[in-house]
Amino acid sequence: MSASEAALDALAARHLAGSRSMPDAVAEALRDGILTGLLPAGRQLKQDHLARRFGVSRAPVREALQILAGEGLLTVSRHRGVIVAPSDPADLVEIAELRGLLEGHALRLSGPRLSAADFEDAAALLDQAEAAAEPVLQAELHWRFHRALLHRAERPRILAQIEHLHIAVSRYLLPAWTAAGLSVGWVASHRDLLRLVRSGQVGAAAELNSSQIEEARSRVAAWLQTREPT
């Protein structure tokens, strides 16, 4: 058994042990594999093979693949079947543009409604992120911080779209962050974001959030170029 197969088995065991539905558990395990680069772009995913590896029938695997295809993590090729979606710099640009628009709007709605407890929770997440050593954990805490600032927007459709964009961009961010690390000073810049929201300057906070999104996009785009074949 290869190291990647063993790692995939570990993911499967961890997620299948939870209380969620079988398709969701399979989707979560495969999603983690894609976002961390364990299942690289172009990797073919066969239902029968996955069903055997996960110890489940083909039905939950089929549903899981449909979920991930809907998130843009998988594509269906006429010749190769289901494959992990390739990296696309144009896709990264569009995701960043949408994030800037939607997150800024949600922040303007949510910011004035946040409580003192919400701000304390957000600050605690940044403390945890600063202390974390693993990029994957830092990335998770980073997203939880943003979710904490946006959750009172009272726009479930917009927040669902933002969640979807977070998943879509993670397949670019996580491999880059794992290889090169997060940007220097990212925690400090997010403390600035929190300070602006807390002081009622939500417009300025939204602009800072957009600049952070663009800075991340630029860094990841540069990293992707280093991986292109010469």
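The values are calculated or read from the model by the stated rules, or taken from the named source; none is laboratory data. Fair warning: this is a prediction, and the values are worked out from it, not measured in the lab. Backbone-built Cβ (ideal geometry, glycine too); neighbour counts: all protein chains shown. Protein only, heavy atoms only, side chains kept; ligands, DNA and RNA dropped before computing areas. Shrake-Rupley method; radii C 1.70, N 1.55, O 1.52, S 1.80 Å.
Here residue 26 clears all of (1) open to solvent by 70 Å² or more (accessible area, probe 1.4 Å); (2) over 17 Å from residue 168 (Cβ atoms); (3) assigned to a helix (DSSP H, G or I) except the condition numbered (1). For segment 48-58, the candidate set comprises residues that are free of Cβ contacts under 8 Å to residues at least 24 places away in the same chain and not acidic (Asp, Glu); within that set, the residue that is most open to solvent (accessible area, probe 1.4 Å) is 52.
Of all residues in segment 181-230 being under 17 Å from residue 170 (Cα atoms), in a helix (DSSP H, G or I) and among the small types (Gly, Ala, Ser), which is modelled with the highest pLDDT? Checking each candidate, the answer is 210. Among residues of segment 148-178 being in contact with a helix residue (DSSP H, G or I) (Cβ under 9 Å, 6 or more places away or on another chain) and open to solvent by 70 Å² or more (accessible area, probe 1.4 Å), the one that is modelled with the lowest pLDDT is 178. Residues in segment 37-47 include at least one that is at pLDDT 90 or above, in a helix (DSSP H, G or I) and farther than 30 Å from residue 193 by Cβ. When the residues of segment 59-73 are filtered to those that are of a type in the set (Gly, Ala, Ser) and closer than 18 Å to residue 21 by Cβ, which remaining residue is surrounded by the most Cβ atoms within 10 Å (Cβ to Cβ)? That would be 64. Note on segment 124-144: residues that are under 20 Å from residue 208 (Cα atoms), open to solvent by 30 Å² or more (accessible area, probe 1.4 Å) and either over 22 Å from the mean Cα position of the chain (by Cα) or in contact (Cβ under 8 Å) with a residue 60 or more places away in the chain (or both) total 0.
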